[in-house]
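Taking it in order: structure first as structure tokens, then the write-up.
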Amino acid sequence: ADPSLVDGLIERSERHGIMVAADSQASSQYGNIARFRGTALLTPTEREARLAMQDFDAGLSTVAARLQDMTDARNVVVTLGKDGLLVRTRTDGGAETDMLPAFNPLPADVAGAGDSLFASTALALRSGADIWQSVYLGSIAAACQVATVGNSPVGADAVRGELASAAN
């Protein structure tokens, strides 16, 4: 999309108290996650984050920090496929960074995993959960998504089932 369109939508959303979350694809089409400024959530893959920063050498925490600084995003979640994800969030005293493992290490099909993670994390954030609760729920949704072949919507029953089995 035209950068002025993206900037205008983010500005209007901010003015009306609408949370903005962004995901951009650079694997099969051109996308630059760094064009989304002032969002509550960015969810690039490691490759997308490194492309945006033009940095393929620094540690992932450094790349995530630079992306967060450049975009003024409140939360950056860098997805790492079978290796899980890295979360970087702004705090009152600075920032926190931590990793979360993949919850399904033996996926049947990875199609839709990032979309499930993004949508569930964004919805949880908007509903009032903190980033750690939100990304945990998003990771559960992604684990449900990769458990089946094909990119089908993840239902609430599947997520509840995974949460129940995780509690046991």
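The values are calculated or read from the model by the stated rules, or taken from the named source; none is laboratory data. All figures in this text were calculated on a predicted structure; none of them were measured in a lab. So basically every Cβ, Gly included, is an ideal-geometry build from the backbone, and we count neighbours across all protein chains shown. Side chains included, ligands, DNA and RNA excluded: accessible areas come from the protein's heavy atoms. Shrake-Rupley method; radii C 1.70, N 1.55, O 1.52, S 1.80 Å.
Structural remarks
- Taking the chain and dividing mean pair separation by its residue count, relative contact order in percent (alpha carbons under 8 Å, at least six apart): 14 percent
- Distance (nanometres) between label positions extended 7 Å along Cα→Cβ at ASP55 and ALA147: 3.7 nm
- Size descriptors for the chain: radius of gyration and Dmax over Cα atoms are 15.6, 49 Å.
- Amide hydrogen neighbours beyond the local backbone of ALA73, cut-off 5 Å, H modeled: GLY38, THR39
- The antiparallel fraction among DSSP beta bridges confined to the stretch 19-168 stands at about 75%.
- Sequence ranges 125-135, 50-60, ranked by mean other-Cβ count within 10 angstrom, highest first: 125-135, 50-60
- Normalised per residue, the accessible area of the chain is 55 Å², obtained with a 1.4 Å probe and no contribution from ligands, DNA or RNA.
- Accessible surface of the chain [probe 1.4 Å, protein heavy atoms]: carbon and sulfur percent: 53 percent
- The stretch 1-82: Rg to Rh, with Rh as the Kirkwood radius over Cα pairs: 0.97
- Spatial extent of the stretch 83-168: Rg and Dmax, with the Cα atoms as the point set, Å: 13.1, 43
- Karplus-derived 3J(HN,Hα) values for the stretch 109-116, using 6.51 cos²θ - 1.76 cosθ + 1.60 with θ = phi - 60°, are 6, 7, 4, x, 4, x, 5, 5 Hz; glycine and proline are entered as x.
- Under 11 Å, Cβ to Cβ, from THR62 - net charge with Lys/Arg +1 and Asp/Glu -1: 0
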